[in-house]
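A.B. asks: Submitted below is the structure of interest, expressed as structure tokens.
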Amino acid sequence: MSTYLARQVIQLAIAVWGISVIVFVVNFVIGDPINALVPPETPEETRQLLRHQYGFDRPILVQYLDFARGAVVGNFGESYLFRKPALDLVLERLPATLQLTVAGMGVATLIAIPVGIISAYWRYSLIDNIATLVAVAGQAMPIYWLGLMLILLFSVHLRWLPASGYGTPQHLILPAFCLGVFTAPVAMRLVRSGMLDVLAQDYIRTARAKGLTEWAVVMRHALRNTMIPVVTVLGLQFGQLMGGAVITETVFAWPGVALLLINAIYRSDIPVMQAAVIILALIIAGVNFLVDLVVAVLDPRIRLK
Amino acid sequence: MNRPISDGVSAAAGTLILPTRRAMPGWRKVLRRLWQLRTATLSGVFLVVLVFVAVFADFITPYNPYEGELVNRLRPPIWEHGGSWEHILGTDQVGRDNLSRLIFGARVSLAVGFLATVVAAAIGVALGLAAGYIGRLTDTVISTVINIQLTVPFILLALLFIGVVGPGLVIANYIAVNVIIVLGVASWPIYARVIRAEVFKLRELDFVTAARCLGFSDARILLRHILPNAFNPIIVLSTVQVARFIIAEAFLSFLGLGTPPPTPTWGSMLADARQFMFDKWWLPTFPGLAIFITTLAINLFGDGLRDWLDPYSRNI
């Protein structure tokens, strides 16, 4: 177990380090960081002067070591725009993003598990066919358009919920629903196929043979065994969920990390861009790591591989 | 399928008599298969029509998508009060015809979706082949890069890249080079991972050993023997990718980071529509519907293609 743990920690470290390299290379090698600081019509001499002043003319490796030394202790530099440490800005926005992600996950689970069970139990029934059809359509749905349509229906037409903003539970409903509906099709298919596998097992027949009710067979014996693979895959899809949250935030003006990031991109606020991407990557890698760990504890076959 | 042998065996002579069945002509087999996969066939037909419309947009659209008349701005579609045959889907905030802009928007979406897939496939297949065939350190390095990049959601990387490099050169008014490169570079690991696994499987097979014994060069074995056998997964993955790229391009344009104005794109039409959506529901509805129907058709077509190419799901 400790070897397995050590390997996972090393992988986590490499992943986060790799992301920091990508972010650095994109901003400092491919892009020209001076563009973020001066108006486009600035003459070349001034640019050179400023490059020297900010240290952008030093060898790229030296700049990277500088950046890495800061990043390790959470110092990504000051935001060009807000004159505040970039990390603080990101951490301020993080709760909103996590709130949205968790709520979206919740909505997805609430849809996916019951529908998946019903679809598998009554395979090829009308309900199963409709669920499959909706799932296929859902996977082709651009999430930002889904968001706009939800606003159109529930905010503009019915006037039930606010179109955007943050603070009250009502503000969370539409974005969370949007993100949940976006994630649910994949989760639903997973539950369904896992459930189908399990329902064909011998111990299900045994459970029925000893006279258990169908409810007990499905909920206690089948569902529990389905959940291990489902939780694994869903956990590993956390990155996808984050990607969905990024898009959802922009549609509903949800003040999370993604909205901060996109504004930083518009204004070329490099420290904030770097901090936001690295923190999001850290969270995703951390969740993947935890999922691996939990699965390894539950299923000894994995850590022995 | 699994009929007992005695079915075809005449007990007296002990010889095998095959049931006489006239071979079905090739074209009928194809037609029957198309009927079995009718959803995919229909989607394919729709996509062919869409490509046709996009290519000949100049001759089909009733109006120039770049020029509007301000007096005619924000006209409703034909079935709403005040709509007219002149602008079937109404006009936008500067009086440009919505239908014409939707048709021209298909150009951007299809071109970016297709070309970005080519970029992603080219990088991913090359690195996947290298990782799977050479193995050792090469594999370790490439696999690590794949894992690193797959940690971050594709859309986040695409946003970061496009934010730094900008939309770049726009060819023929609708192909933004950087958008295509960024989408491709942000998603090559998906290809590399699939190809790598495929090569690992194939390189142990006898025909590869045979080719090696014959003294063929590595390049020849890779390109002539392994790559063709990995072709089906590439094609199936590519259909999914085209749809993903269309959605992603529209999102970048929606944020104003994709194909720059005045080029009509589905994403930028959605963005323009946002400020008017409170009393004009049709403005955000149609561009989104265009994206949705197109990606749905591509996904359904891809599902059918997978069934067609995968011998195990084929019922003969």
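The values are calculated or read from the model by the stated rules, or taken from the named source; none is laboratory data. No experiment lies behind these values; they were computed from the predicted model shown. Positions of Cβ are generated from backbone atoms using ideal geometry, with glycine treated the same way; all protein chains shown enter the neighbour counts.
A.B. asks: When B:THR259 is evaluated against the numbered criteria (1) closer than 22 Å to B:VAL118 by Cβ; (2) in a helix (DSSP H, G or I), which criterion, by number, is the only one it fails?
C.D. replies: (2)
Okay, residues lined up against (1) touching a Lys or Arg at 6+ places or on another chain (Cβ under 6 Å); (2) free of Cβ contacts under 8 Å to residues at least 12 places away in the same chain; (3) hydroxyl-bearing (Ser, Thr, Tyr); (4) within 30 Å of A:SER20 (Cβ to Cβ):
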site: B:LEU99; (1), (2), (3), (4): no, no, no, no
site: B:VAL108; (1), (2), (3), (4): no, no, no, no
site: B:GLY113; (1), (2), (3), (4): no, no, no, no
site: B:VAL145; (1), (2), (3), (4): no, no, no, yes
site: B:VAL152; (1), (2), (3), (4): no, yes, no, yes
site: B:ILE162; (1), (2), (3), (4): no, no, no, yes
site: B:VAL165; (1), (2), (3), (4): no, no, no, yes
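A.B. asks: Moving on to the next point. Hey, B:SER84 hits all of (1) of a type in the set (S, T, N, Q); (2) within 30 Å of B:GLN241 (Cβ to Cβ); (3) free of Cβ contacts under 8 Å to residues at least 12 places away in the same chain but one; which does it fall short on?
C.D. replies: Looking at each condition in turn, B:SER84 falls short on (2).
A.B. asks: Restricting attention to segment B:131-145, which residues are under 11 Å from B:ALA192 (Cβ atoms) and within 10 Å of another protein chain (Cβ to nearest Cβ)?
C.D. replies: B:VAL145
A.B. asks: Follow-up. Scan segment B:127-142 and report the pairs whose first residue is free of Cβ contacts under 8 Å to residues at least 24 places away in the same chain and whose second residue is surrounded by fewer than 19 Cβ atoms within 10 Å (Cβ to Cβ) and of a type outside the set (Asp, Glu), with Cβ atoms within less than 6 Å and a gap of 6+ or a chain change.
C.D. replies: So the pair list comes out as B:ALA130/B:THR138.
A.B. asks: Looking at segment B:272-283, can you tell me whether even one residue there is crowded, with 22+ Cβ neighbours inside 10 Å and part of a helix (DSSP H, G or I)?
C.D. replies: Within segment B:272-283, one or more residues are crowded, with 22+ Cβ neighbours inside 10 Å and part of a helix (DSSP H, G or I).
A.B. asks: Let me ask another. Quick test of your reading of the structure: B:GLY128 fulfils all but one of (1) more than 14 Å from every other protein chain (Cβ to nearest Cβ); (2) over 28 Å from B:THR263 (Cα atoms); (3) surrounded by fewer than 23 Cβ atoms within 10 Å (Cβ to Cβ); (4) at pLDDT 90 or above. Name the failing condition by number.
C.D. replies: Against the list (1) more than 14 Å from every other protein chain (Cβ to nearest Cβ); (2) over 28 Å from B:THR263 (Cα atoms); (3) surrounded by fewer than 23 Cβ atoms within 10 Å (Cβ to Cβ); (4) at pLDDT 90 or above, B:GLY128 comes up short only on (3).
A.B. asks: Residue check: is A:GLY165 within 28 Å of B:GLU249 (Cα to Cα), away from chain B (no Cβ under 11 Å) and crowded, with 20+ Cβ neighbours inside 10 Å?
C.D. replies: Spelling it out, it is not the case that A:GLY165 is within 28 Å of B:GLU249 (Cα to Cα), away from chain B (no Cβ under 11 Å) and crowded, with 20+ Cβ neighbours inside 10 Å.
A.B. asks: Checking A:ARG189 against (1) more than 30 Å from A:ALA296 (Cα to Cα); (2) within 14 Å of chain B (Cβ to nearest Cβ), which single condition isn't satisfied?
C.D. replies: Single failed check for A:ARG189: (1).
A.B. asks: Taking segment A:124-146 as the region of interest, how many residues are of a type outside the set (A, V, I, L, M, F, W, C) and under 13 Å from A:ARG189 (Cβ atoms)?
C.D. replies: Number satisfying all stated conditions: 4.
A.B. asks: Has segment B:288-297 got at least one residue that is at pLDDT below 90 and under 25 Å from B:PHE52 (Cα atoms)?
C.D. replies: No; the residues of segment B:288-297 include none that is at pLDDT below 90 and under 25 Å from B:PHE52 (Cα atoms).
A.B. asks: Turning to a different aspect of this structure: Quick check on my filter: what residues within segment B:200-215 are part of a loop (DSSP other than H, G, I, E, B) and under 26 Å from B:THR140 (Cα atoms)?
C.D. replies: B:ARG203, B:GLU204, B:LEU205 - these are the residues of segment B:200-215 that are part of a loop (DSSP other than H, G, I, E, B) and under 26 Å from B:THR140 (Cα atoms).
A.B. asks: Would segment B:89-96 turn up any residue that is free of Cβ contacts under 8 Å to residues at least 60 places away in the same chain, on the phi > 0 side of the Ramachandran plot and in a loop (DSSP other than H, G, I, E, B)?
C.D. replies: Scanning segment B:89-96 turns up at least one residue that is free of Cβ contacts under 8 Å to residues at least 60 places away in the same chain, on the phi > 0 side of the Ramachandran plot and in a loop (DSSP other than H, G, I, E, B).
A.B. asks: Still on this model: Scanning for something within 14 Å of chain A (Cβ to nearest Cβ) and at pLDDT 90 or above, does segment B:219-238 turn up at least one residue? Give the steps one after another, and end with the answer.
C.D. replies: Step one: filter segment B:219-238 for residues within 14 Å of chain A (Cβ to nearest Cβ), giving none.
No, there is no match, as no residue in segment B:219-238 is within 14 Å of chain A (Cβ to nearest Cβ) and at pLDDT 90 or above.
A.B. asks: How about segment B:183-208: which of its residues are within 14 Å of B:ALA158 (Cα to Cα), hydrophobic (A, V, I, L, M, F, W, C) and crowded, with 22+ Cβ neighbours inside 10 Å?
C.D. replies: B:LEU183, B:ALA186, B:TRP188
A.B. asks: Restricting to segment B:148-178, what's the tally of residues that are in contact with a Gly (Cβ under 8 Å, 6 or more places away or on another chain) and either surrounded by 15 or more Cβ atoms within 10 Å (Cβ to Cβ) or small (Gly, Ala, Ser) (or both)?
C.D. replies: The number of residues fulfilling the criteria is 15.
A.B. asks: Is it true that some residue in segment A:180-203 is under 19 Å from A:GLY165 (Cα atoms) and either out of contact with any Lys or Arg (no Cβ under 7 Å at 6 or more places or on another chain) or in a helix (DSSP H, G or I) (or both)?
C.D. replies: There is at least one residue in segment A:180-203 that is under 19 Å from A:GLY165 (Cα atoms) and either out of contact with any Lys or Arg (no Cβ under 7 Å at 6 or more places or on another chain) or in a helix (DSSP H, G or I) (or both).
A.B. asks: Whether any residue in segment B:135-143 is surrounded by fewer than 19 Cβ atoms within 10 Å (Cβ to Cβ) and hydrophobic (A, V, I, L, M, F, W, C) is what I want to check. First the steps, then the outcome.
C.D. replies: So in segment B:135-143, the residues surrounded by fewer than 19 Cβ atoms within 10 Å (Cβ to Cβ) come out as B:135-141, B:143.
After this cut, where a residue has to be hydrophobic (A, V, I, L, M, F, W, C) as well, the list is B:137, B:141.
Yes, some residue in segment B:135-143 is surrounded by fewer than 19 Cβ atoms within 10 Å (Cβ to Cβ) and hydrophobic (A, V, I, L, M, F, W, C).
A.B. asks: Right, another one. Please list, ordered by residue number, the helices (runs of 4 or more DSSP H) wholly in segment A:204-305 having 2 or more residues that are within 12 Å of the chain's Cα centre (by Cα) and within 21 Å of A:ALA108 (Cα to Cα).
C.D. replies: Ranges flagged: A:223-236, A:238-252, A:270-298.
A.B. asks: Follow-up question, since we're still on this one. Of the residues that make up segment B:70-80, is at least one within 22 Å of A:GLY18 (Cα to Cα), assigned to a helix (DSSP H, G or I) and more than 31 Å from the chain's Cα centre (by Cα)? Give the steps one after another, and end with the answer.
C.D. replies: The first filter runs over segment B:70-80 and keeps only residues within 22 Å of A:GLY18 (Cα to Cα), leaving none.
No, segment B:70-80 contains no residue that is within 22 Å of A:GLY18 (Cα to Cα), assigned to a helix (DSSP H, G or I) and more than 31 Å from the chain's Cα centre (by Cα).
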